Every structure is written in C-alpha cells, then in structure tokens.
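Take a look at the structure below.
The values are calculated or read from the model by the stated rules, or taken from the named source; none is laboratory data. Bear in mind that the values here come from a model prediction, so they are computed numbers and not experimental data. Every residue, glycine as well, gets a Cβ built from its backbone with ideal geometry; the counts of neighbours run over all protein chains shown. Heads up: the accessible areas ignore ligands, DNA and RNA and are worked out on the full protein's heavy atoms, side chains in. Shrake-Rupley method; radii C 1.70, N 1.55, O 1.52, S 1.80 Å.
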Amino acid sequence: MKKLFSILFLFFAIFILIQGQNKIYTASRWSGDKIIVDGEIIEHSWDAAEWGDGFVQLTPYENRPPSQPTKFKILYDNNFIYVAIRAFDSSPDSIIRRMSRRDDEEGDLVGIAFDTYHDKRTAFVFAVNAAGVKIDAAVTEDGNNWDYDWDPIWYVKTIIDSGGWTSEMKIPIAQLRFGKQNEHIWGLQVGRHLFRKGEDSGWKLISNNAPGWVSFFGELKGINGISPHKQADIIPYAIAEVERYKKSEENPFETGKGNRFSGGLDGKIGITNDLTLDFTVNPDFGQVEADPSVVNLTAFETYYEEKRLFFIEGRNIMNFNMTQGGPLSTDNLLYSRRIGRSPQLYPDVDDNEYVKMPLNTTIIAAGRLTGKTRKGWSVGLLEAVTQREEAVIDSAGKRYSEPVEPFTNYIAGRIQKDFNKGNTRIGGMFAATNRRLDDPVLLKLHKSAYSGGIDFNHQWKNKTYYFNLKTLFSYVSGTKDAILETQTSAPRYFQRPDAPHLHVDSSLTSLIGHGGTVTGGRAGNSKWPFLIWVTWRSPSLELNDMGYLYTPDIIQEVFWIGYHNYEPFSIFRNFFVNFNQWFGSTFGWEKIYLGGNWNINTRFKNYWFASLGMEYNTTSLSTTELRGGPSLLSEPSFNAFLNISTNSRKKLIFSLGGNNYFGLNHEFSIINCYADIDWRISKALEISLSPAAMFNNQMLAFVNNVEDSLSVMHYIRGKMKQIETSVTIRITYNISPDFTIQYYGMPFVSAGDYNHFSRISNPLSHRLSDRYYEFSNTQISQHFQDDKIKYAVDANLDGSAEIWFDNPDFNRFEYRSNLVARWEYLPGSTAYLVWSFSQFRYKDTGLYSFSDDMGEIFKVHPHMIFLFKISYRIGR
C-alpha cells in the first residue's frame with residue numbers, strides 16, 4: 001500500500017511538473033499553392049501543419065477543462081503567417097455573431113498573440129469574432145498597455161458550421177516586427193471567448209493572479225528562413241467640405257456659408273527592420289467625434305482625451321505619466337492635444353469691431369518614429385510643426401490681422417532599455433517646444449519650453465514585486481511679462497499672501513522646476529496586491545507647453561491594498577475589495593488633504609455587476625480656490641457611491657449609478673447620477689442612451705476677485721445652485737465589418753443661480769460662519785449696464801469703498817452631434833461621409849427648467865458641416 005501511494009504521488013508530482021512547463025507549438029512552412037482565406041479549413045495545404053490543442057479554462061474557473069474544445073494550426077511562407085482556429089461548439093445555433101466596429105469585442109471571439117521580439121513584454125494580437133469583425137492590438141508593458149488603435153493590414157474570414165465555427169487568418173509578415181535571424185522563437189498564446197457563458201480559455205494557462213501576461217506565453221518554434229519586411233504605405237487623401245450656419249446682418253464674417261477643398265498625405269515607412277516612420281502632411285481630422293460638453297467652474301484646465309488617430313496610434317511608447325490614479329494621473333510630458341490646439345491669444349478689440357478667429361492651429365506636418373530592437377531598446381520620436389495663425393478684424397469695413405498663435409515646432413523623444421530578461425528597465429524622455437515670436441503681441445507666450453525625465457523600473461520574485469522611480473525637470477523661457485504671467489496665473493499663484501515658500505520675481509526670464517514619483521508594491525493581479533507611492537511637483541514645474549500638469553506645488557503620499565478573488569464562490573463570479581489612504585501637502589508643508597476610502601467591486605454568477613464605496617476626507621486646504629488669494633479652509637467631507645449593471649451578455653443592458661459628495665457642515669453638496677441603456681436590436685444595430693444629471697450646491701462658490709475704490713482686494717463668493725443634465729446618444733449600424741454608420745449626439749444643459757453674495761473674511765477659520773461676511777441688502781444693489789446685470793457693493797457702509805462685479809448667473813444650452821459613415825473599400829483605403837450638427841445658446845438668468853431649457857436648444861439655428869474624405873493606400 002505504501003509503495004502504491006508512493007507511485008501515485010510520484011505520478012502526481014510529474015503531472016504537476018509537466019503542467020508547469022512551457023508549452024511549445026511548431027509551425028510548418030508551406031511552399032505549395034496559394035492559400036485562399038475563406039474561413040474553410042479544407043485545403044490540403046493545412047494538412048502540412050499539426051493541430052495545437054490542450055486548451056484550459058482561464059475564467060471563471062481557472063485550470064479546468066473548457067466548456068467547448070478549441071484547436072489551431074499555424075503555417076507560414078516568406079510573406080505571410082497563416083492561422084486556422086477551429087472553435088468547436090455542441091450548440092452552433094447558440095454562437096453569438098454580433099456585427100460591430102473594428103476592435104469592439106462583441107460576441108464569440110478567437111485570437112492569437114505573437115511575442116515576435118521574444119522580450120516577454122511586447123505582443124501583437126490578432127482576433128476576430130464569429131461575425132468576422134477584426135480586433136487587433138499592440139501590447140506593451142507585459143500586458144498592462146493595450147493599443148487598440150494599432151490597425152495593421154491583415155485578412156480573416158469566419159464560417160459557422162455544424163461543428164461550431166472556424167476562422168482563417170492571413171497576416172502579412174510586413175505587419176510584424178522581429179529581428180533578422182535564421183531561426184525564430186516567438187512567444188505564443190491562443191485564446192477563445194465563449195460569450196454565452198462568459199468563459200475564457202487559452203492554449204497556455206496564464207493565471208489571473210499572474211503578475212504579467214506576455215511573460216507567461218508559450219513558445220512558437222519552426223519559423224525559419226524568413227526575413228523582416230520593411231513596410232511601405234503611402235496614403236494620399238482628398239477632402240470636400242460644405243459649411244452652413246445662420247447669417248449675421250451685423251458681423252461681416254458670418255456669411256452663413258463656407259466651402260473648402262483640401263488634401264494631404266499620410267504614410268508608414270519601415271526605416272529598419274525594427275523602426276517604423278509614420279508621417280502626415282496637412283492632416284485633417286474632420287471625422288473625429290466631438291468633445292463632450294463641459295462647464296468648468298474651477299481654476300484647473302479641463303483635460304480632454306486624444307481622439308485623432310495619428311496621435312493615439314503607438315502612444316504607449318511615448319507615455320511618461322507620473323502616477324497611476326487620481327487627478328494627478330493626467331500629468332505627462334506629452335499631451336498631444338497641445339499640437340493643433342485652439343489659438344492661445346485673442347485680439348483686444350472695440351465693441352464695434354468683429355473678429356474672425358481660426359478654430360484650431362493648422363498642423364503643417366508631423367512625423368513619428370517608433371519601434372523596438374531585438375536588443376531591448378524601445379524608441380519613440382515625435383515631431384510636429386504648426387503654422388502661425390492670425391485673426392482678421394473688421395473695423396467699419398476696414399480689415400487688418402493680428403497674430404494669435406506663433407509658428408511652433410514640437411518634438412518629443414522617448415527611449416527605454418530592457419535588462420535582466422525584461423525585469424529591469426531604464427529609460428528617459430525629452431520634450432521641447434520652440435515658438436517663433438516675431439510680433440510684440442506674441443511675447444505673452446513662452447519662447448521655448450523644455451522638459452525631460454528618467455525612469456527606472458525593477459521587478460523581482462517572478463515579477464510579483466516591483467519598484468519604480470521617475471524624475472523630471474522643466475525649463476521655460478520668455479520675456480519678463482511672459483514669465484510673470486506663468487508665476488501668477490492658474491494653477492501656480494505665486495502671489496498668495498500666506499505662502500512664505502513662494503514669491504513673485506518680476507525680473508525672471510526663465511523658470512526651472514522638477515518633480516518625481518517613487519512607487520513600490522505587489523503586482524495588481526496578485527490576490528493581495530498593494531502599492532505605496534510618494535510623488536511631488538515643485539512650485540516652478542511647468543509642463544503645459546507640450547505636456548499636461550494638473551497642479552504644481554504638491555507632495556502626495558498614497559497607500560493602496562486590495563483583496564482580489566478571481567475564483568467564483570457563493571453568488572459571486574469574482575470579488576474585489578480595495579482600501580486607499582492619501583495625504584497631500586504643499587512644498588511649504590501646508591497640509592492640503594488627508595483621507596481614505598474603501599470600495600467593493602463584484603460580478604455575480606448571473607453576470608450582474610455592482611460596485612460601492614465610501615470616502616472620508618479630513619479638514620482640507622485649497623491653495624487655488626481664491627485664485628491668487630490666501631488658502632481657504634474646507635470642513636471634513638464624505639462621499640458615497642453605488643453602481644449597478646445588468647447581465648452584459650443580454651441584448652438589453654441597464655446600468656445605474658451615482659454618488660453623493662458633501663461637506664459635513666453643509667458647506668457644499670454635489671450629487672451625480674447616471675444611467676446607461678444599451679440595446680442590441682439586431683446583430684448589426686445597436687442603440688445606447690446615457691442620461692446624466694448633477695446637482696451642485698455651494699455655500700461659497702467663486703464669483704470674482706475685485707479691488708474696491710481704495711485698492712483693497714475682495715474675494716467675492718456667492719451661494720450657488722447648479723443643475724446640469726445631459727444625454728449621450730449613440731446609434732451604430734454595422735452593415736459589414738468594413739462598412740459602419742455611427743451617430744453621436746449630446747444635448748447638454750447647465751444652469752447656475754447665484755445669490756447671498758459675500759466676501760471671504762477669515763479664510764482659515766474652522767467655523768464656516770466666521771469664514772465669510774455676507775453682504776446685507778443695504779450694501780448691495782443691482783444695476784443694468786449695456787443690457788447686462790451688474791452688482792455694486794458698498795463694502796464699508798459709508799461709500800468709501802465701492803465694489804462692482806458682473807452677474808455670475810449662467811444658462812448654457814448646447815447640442816453637439818455627428819453622423820459618420822465609414823467604408824474601408826480596400827484594406828487600408830477608407831472613405832468617410834460626415835455630417836456635423838451643433839447648436840449653442842447662452843443666457844444669464846440662472847434658472848433651470850428641463851422642458852424649457854431643452855426646448856431652448858432647438859430654437860437656435862444649427863451650425864452644420866458636410867464633409868467627404870477619401871483616402872487610397874499605395875503599398876504592400
């Protein structure tokens with residue numbers, strides 16, 4: 001009996017050892033007739049390859065047999081990689097075929113990933129759903145970054161039959177990057193998603209708790225004698241645009257119509273086997289979806305996501321963000337929305353003069369060089385040139401121009417090197433902005449701005465633990481007036497009277513700053529992940545010429561720990577609990593905030609999802625709320641949130657959520673609520689409605705900073721009630737994987753009503769009532785000047801100090817929409833037909849009425865643009 005148990009234990013140990021070993025698939029070379037990609041794996045050519053099988057379940061039950069088996073084959077020749085995947089299904093009628101736009105993961109899927117560099121950090125993913133829709137991505141950071149905007153040229157067909165469904169892929173070798181050698185070993189993973197069960201399976205078992213993805217791939221061998229192909233694609237394009245809007249009788253520039261014909265050139269050239277140059281000449285982004293409507297009442301710049309394809313494709317390699325979460329997570333050396341931005345200046349004109357302003361700065365040309373060498377060097381280089389922009393002013397029929405944006409050159413470079421089998425990386429980045437300030441008006445801007453940084457990353461114990469270090473610097477130069485403006489404007493405010501560590505120096509012509517982040521922790525895929533970081537931004541740090549900086553003059557500490565259970569139990573499919581703590585101060589060691597939260601995120605076995613959490617902040621200090629005035633104290637606050645969504649596998653999905661953020665002494669209250677309704681009417685048609693509402697009540701909302709007649713500064717506040725509502729509408733009709741029609745619309749209403757005006761009297765008082773002085777009815781009076789409401793205040797009740805400020809009430813009505821028909825009539829060649837429709841109106845009553853305000857939007861004459869854009873790919 002002991003011998004029997006010993007033998008069984010030995011076989012069990014060998015079995016476990018075999019399971020832990022790497023999986024290997026050997027591809028076969030094909031030299032026969034041309035393989036026709038039609039989805040049917042019946043050609044005799046496929047007999048040359050062996051089936052790869054042995055798939056295991058990844059989710060929800062890790063390392064169990066999958067519900068349905070899967071197998072694959074790989075062939076290759078000198079020009080293509082061929083992949084056949086057979087997804088068996090005992091119920092073919094239950095296979096979910098959903099037509100969608102490229103990269104939308106809808107329905108049953110199969111896919112393959114190649115780590116062609118074999119660096120265990122980078123991969124190229126090619127996937128397809130049962131309806132034939134492509135999903136492709138360039139993966140970096142060992143699976144932490146997926147770039148779905150990478151759209152290579154490749155071919156795929158799918159077929160459903162009595163045994164399940166099949167996919168047949170043909171991937172040009174020119175779309176892959178690999179070193180020049182005779183025998184190749186690539187990382188390999190093949191996967192499948194069974195939609196109706198929410199089940200993922202893979203050829204190679206990669207645990208949900210694994211601290212990476214690419215580094216746990218199996219291996220692909222047998223690919224010998226192929227050489228890297230240098231990609232060469234040239235894509236000229238032409239545009240015709242017609243613009244229509246309401247004609248103005250007073251403004252000579254608003255003629256009610258406009259026509260534009262233009263053209264340009266995009267290209268992708270393989271410089272070496274590893275480096276690719278993307279370039280664009282006279283680019284046009286008329287087909288890009290409009291930004292969402294926003295009313296920003298803070299001192300901080302609104303951050304908008306990049307949507308222009310040229311700048312989002314391959315952006316992972318150019319990324320140098322400083323932190324992973326919170327408002328500081330947007331800080332980056334490169335914020336590509338700066339390139340082609342709206343002009344920064346506006347002419348100072350009289351009331352009887354009219355201005356024709358360019359909406360955006362014209363990009364003359366831009367180029368991006370990216371790649372990774374087989375020796376582990378990741379390289380990224382971006383350069384763009386924008387032209388000088390001028391506003392045209394009409395003064396009683398006489399016209400003259402004034403520059404509003406100078407000729408500017410932007411350049412950014414990024415480099416990283418892998419060591420120690422990818423466990424250690426050292427890198428750096430540099431960004432430069434240089435402007436040609438050839439007019440006195442332009443001297444308000446920085447003449448040049450340089451920033452850069454270095455980063456160090458190390459992982460150990462099979463990538464379970466990590467340590468990261470990032471440091472950066474900035475240098476801006478310009479005239480004394482330009483640098484003075486940098487010191488005294490948002491979000492810097494060096495003139496703050498209660499900040500001894502800050503001072504304004506009007507003689508400076510340059511400013512130097514620094515920042516950095518130190519991070520350590522356990523990988524997020526672990527069962528008990530944790531993280532701690534310390535990050536800082538010096539008061540003089542300035543990144544906003546080419547990058548993005550939310551706020552300088554801050555030192556922040558964050559600690560996070562979580563419990564992540566990926567294995568189903570009880571009623572839960574997965575279950576995550578997180579605890580966070582944070583602390584922030586200025587460089588003068590003024591405590592800005594101290595708080596923490598807990599949150600729970602779970603998906604149930606019926607595929608419903610829920611998340612909830614609570615947050616508490618102790619007494620906080622705002623150094624920017626008074627816009628250059630002293631710091632303002634705020635009492636402790638509390639925030640609670642809840643989100644629920646129904647089964648994501650159904651054709652009709654509902655989501656509800658919201659939060660309530662309020663001061664414990666009723667200083668403020670902000671309630672946000674939203675809903676999402678996603679209805680998949682058919683396999684090709686989908687409608688999505690996302691209504692949202694915000695109710696913002698503030699006791700001390702910012703109105704203005706005003707000097708009285710005795711030159712004494714008053715920080716004017718008001719009690720504000722803001723109501724904001726919107727509905728995001730999306731309708732998508734996918735005629736085929738290559739032909740889609742999509743509509744986007746967003747009616748938006750925001751109204752703010754101010755009353756009970758006051759001035760800040762004791763900004764650091766712990767009693768709210770002592771923090772401000774409310775003007776009495778005998779002190780404040782309302783006046784009408786130039787058809788506008790203004791307020792006059794007798795600050796000292798004796799007529800010696802008078803204050804004037806404008807009525808802060810606002811009503812903003814806006815509707816933005818566009819309809820885009822996209823047809824990829826040949827691989828890489830695309831035609832767009834775009835209709836943009838917008839309406840905007842502004843009033844100053846401050847009163848909100850949903851029905852009346854929504855009606856106000858459609859009373860406004862629309863601004864419409866009709867655009868046709870066609871491109872043709874010349875290449876291989």
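Some notes on this structure:
- Put simply, when 112-124, 519-531 are sorted by average Cβ atoms within 10 angstrom per residue, most first, you get 112-124, 519-531.
- For the chain, the solvent-accessible area of protein heavy atoms averages 46 Å² per residue (probe radius 1.4 Å; ligands and nucleic acids excluded).
- Shape of the range 412-508, Cα gyration tensor, a/c cut at 1.5: oblate
- Hull shadow area, averaged, the chain [alpha-carbon convex hull, nm²]: 41.3
- Largest to smallest principal axis extent of the C-alpha atoms in the range 344-421, angstrom: 71, 18, 14
- Direction-averaged projected area, Cα convex hull, the range 508-627: 10.5 nm², rounded to one decimal.
- For ARG86, the solvent-accessible surface with a 1.4 Å probe is about 40 Å², rounded to the nearest 10.
- Equivalent ellipsoid of the range 241-386: semi-axes from √(5λ) of the C-alpha gyration tensor, largest first, are 36, 22, 12 Å.
- The range 594-642-the range 155-182 distance, computed between alpha-carbon centres (Å): 47
- Across the range 617-743, the volume of the C-alpha convex hull divided among the residues equals 168 Å³ per residue.
- Cα-based radius of gyration of the range 484-556 once divided by 2.2 N^0.38 Å, which approximates compact folds: 1.45
- Global geometry of the range 44-148, whether rounded, prolate or oblate, following the gyration tensor of its Cα atoms and the 1.5 cut on a/c: rounded
- Shape summary: the range 611-692 maps onto an equivalent ellipsoid whose semi-axes, from the alpha-carbon gyration tensor, are 39, 15, 9 Å in decreasing order.
- Modelled label positions at HIS458 and LEU664, each set 7 Å beyond Cα in the direction of Cβ, lie 4.2 nm from each other.
- Global geometry of the range 544-683, whether rounded, prolate or oblate, following the gyration tensor of its Cα atoms and the 1.5 cut on a/c: prolate
- Listed peptides 568-576, 621-629 appear in the order 621-629, 568-576 once ranked by packing, highest mean of other Cβ atoms within 10 Å at the front.
- Computed with a 1.4 Å probe on the full set of protein chains, the accessible area for ARG374 sits at about 140 Å².
- Quotient of Cα Rg and 2.2 N^0.38 Å for the range 244-320, N being how many residues it contains: 1.66
- Whole-angstrom gap from the range 813-876 to the range 219-288, using each part's C-alpha centre: 20
- Order by protection proxy (mean Cβ within 10 Å, highest first), peptides 72-79, 796-803, 825-832: 72-79, 825-832, 796-803
- Sulfur and carbon atoms: percent of accessible area, the chain [1.4 Å]: 57
- Solvent-accessible area of LEU443, all protein chains in place: 70 Å² (probe radius 1.4 Å, heavy atoms, ligands and nucleic acids excluded).
- From largest to smallest, the equivalent ellipsoid semi-axes obtained for the range 717-876 from the alpha-carbon gyration tensor read 51, 18, 15 Å.
- Within the straight-line cut-off of under 28 Å between alpha carbons, the lysines reachable from LYS719 are LYS591, LYS788, LYS790, LYS843, sequence neighbours fewer than 8 places apart in one chain being disregarded.
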